[in-house]
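The values are calculated or read from the model by the stated rules, or taken from the named source; none is laboratory data. Bear in mind that the values here come from a model prediction, so they are computed numbers and not experimental data. Neighbour counts are summed over all protein chains in view; Cβ atoms, including those assigned to glycine, are modelled from backbone coordinates with ideal geometry.
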Amino acid sequence: MKIVSRVYNSDEDFAPVMTFLRETFKKTKSYQNWFPNRFENSHEGSGDVRWVDDIRIWEETNGSPTPSEKEIIALANPESPTDYFIQIDPAYSFLEREILEWIEKHCKEKKKDAHKKEKLRIHTIEGNSTRESLLSELDYNKGEISGYLRLRPIDSPIPPLGHCESYEIRSIKGKSDYDQLATVTRLVFGHGEWFSAEVYEEITRCSFYKQDLDLVAVAPDGTFASFCTFRIDPASKITNLEPVGTHPDHRKLGLAKALIFEGLRRALKYNPSLFYVGAANTPAVNRLYESTGYTHKMAEYCWLKEV
């Protein structure tokens, strides 16, 4: 068997990559790689697939001219032209230098102005000392904490819903709600006009989507005050909380917390294997997830280099 790298093919490689992410976590229980939910969302559910062509795969192959045995062992994938993540089977960590060199070369080739320096950011979860040593050797500088990967024990108690005054807690009803939900999502996260009802409908077609886990708090006037969604990978049962947000006019009322607790209760019937959330590092976000039981956290850092 030999190791080769090639451009990602979205039609042929999506399912094998999802299997690779599931099996690698099952084998290693390491949190360094993405969970399948996140890859599916970035690939099919975000409404912005400009970066799919910038994913590269490393695989083992027998090199046969006929259909050969192939196994994905690593990939480099971006969330912007200069924000990259590495997913790898730890048994092949010796490839990381080659992967980082490819990322740098690729980013340089993609620059609009070849003479203008840009900051390349490599995202990694704390605890990967081998990668951190390599990044330092390659002249990357460790930045501040960009966010946290947070976990919640499956058997941790879920408090009662609590008092939400006159707000109604319910699931999304379907297409009739998509436009209003897209509007409040744009307002909370600043997604811009690209995040539309049509984009939201694409998300509902993802394998992780379950309508009864897509929740909103509805104000007395019928507007959406808060929202949260739990996404369950159907094969691994890994369960992601994303997104969560509250309209500025309805904050500090406990609505997001109430939605999270309701979503956790509903998710239990699907036998989740893991509860996690990828969270920003802000005081308000940290308070929310600490108070809802996502207390085990691992920091995500950006390592920076001008290229």
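If I filter segment 290-297 for residues that are in a strand (DSSP E or B) and buried (at least 18 other Cβ atoms within 10 Å of the Cβ), do I get at least one hit? Yes; the residues of segment 290-297 include at least one that is in a strand (DSSP E or B) and buried (at least 18 other Cβ atoms within 10 Å of the Cβ).
Annotation note: of S226, S207, the sole residue that is among the hydroxyl-bearing types (S, T, Y), crowded, with 17+ Cβ neighbours inside 10 Å and either in the same structural domain as R97 (by TED's automatic domain parsing) or modelled with pLDDT of 95 or more (or both) is S226.
Those strands (runs of 3 or more DSSP E) of segment 150-246 in which 1 or more residues are touching a residue at least 60 places away in the same chain (Cβ under 8 Å) and not acidic (D, E) occupy 168-171, 224-232, 238-246. Selection of segment 157-187 for residues being in contact with a Leu (Cβ under 9 Å, 6 or more places away or on another chain) and polar (S, T, N, Q) yields only S171.
Cβ-Cβ distances below 6 Å connect the following pairs, each with a first residue in segment 263-287 that is within 17 Å of I125 (Cα to Cα), a second residue that is of a type outside the set (G, A, S) and in a helix (DSSP H, G or I), and a separation of six or more residues or different chains: A279/V285; A279/Y289. The single condition among (1) in contact with an Asp or Glu (Cβ under 7 Å, 6 or more places away or on another chain); (2) of a type outside the set (D, E, K, R); (3) part of a helix (DSSP H, G or I) that S146 does not meet is (3).
Of all residues in segment 1-34, those satisfying the criterion of being surrounded by fewer than 17 Cβ atoms within 10 Å (Cβ to Cβ) and of a type in the set (A, V, I, L, M, F, W, C) are M1, I3, V4, V7, F14, A15.
Every residue, every condition in (1) in the same structural domain as E23 (by TED's automatic domain parsing); (2) within 30 Å of I73 (Cβ to Cβ); (3) surrounded by 14 or more Cβ atoms within 10 Å (Cβ to Cβ), yes or no:
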{"position": "A91", "(1), (2), (3)": "yes, yes, no"}
{"position": "L95", "(1), (2), (3)": "yes, yes, yes"}
{"position": "K105", "(1), (2), (3)": "yes, yes, no"}
{"position": "L120", "(1), (2), (3)": "yes, yes, yes"}
{"position": "E137", "(1), (2), (3)": "yes, yes, no"}
{"position": "S146", "(1), (2), (3)": "yes, yes, yes"}
{"position": "P160", "(1), (2), (3)": "no, no, no"}
{"position": "C164", "(1), (2), (3)": "no, no, yes"}
{"position": "S171", "(1), (2), (3)": "no, no, yes"}
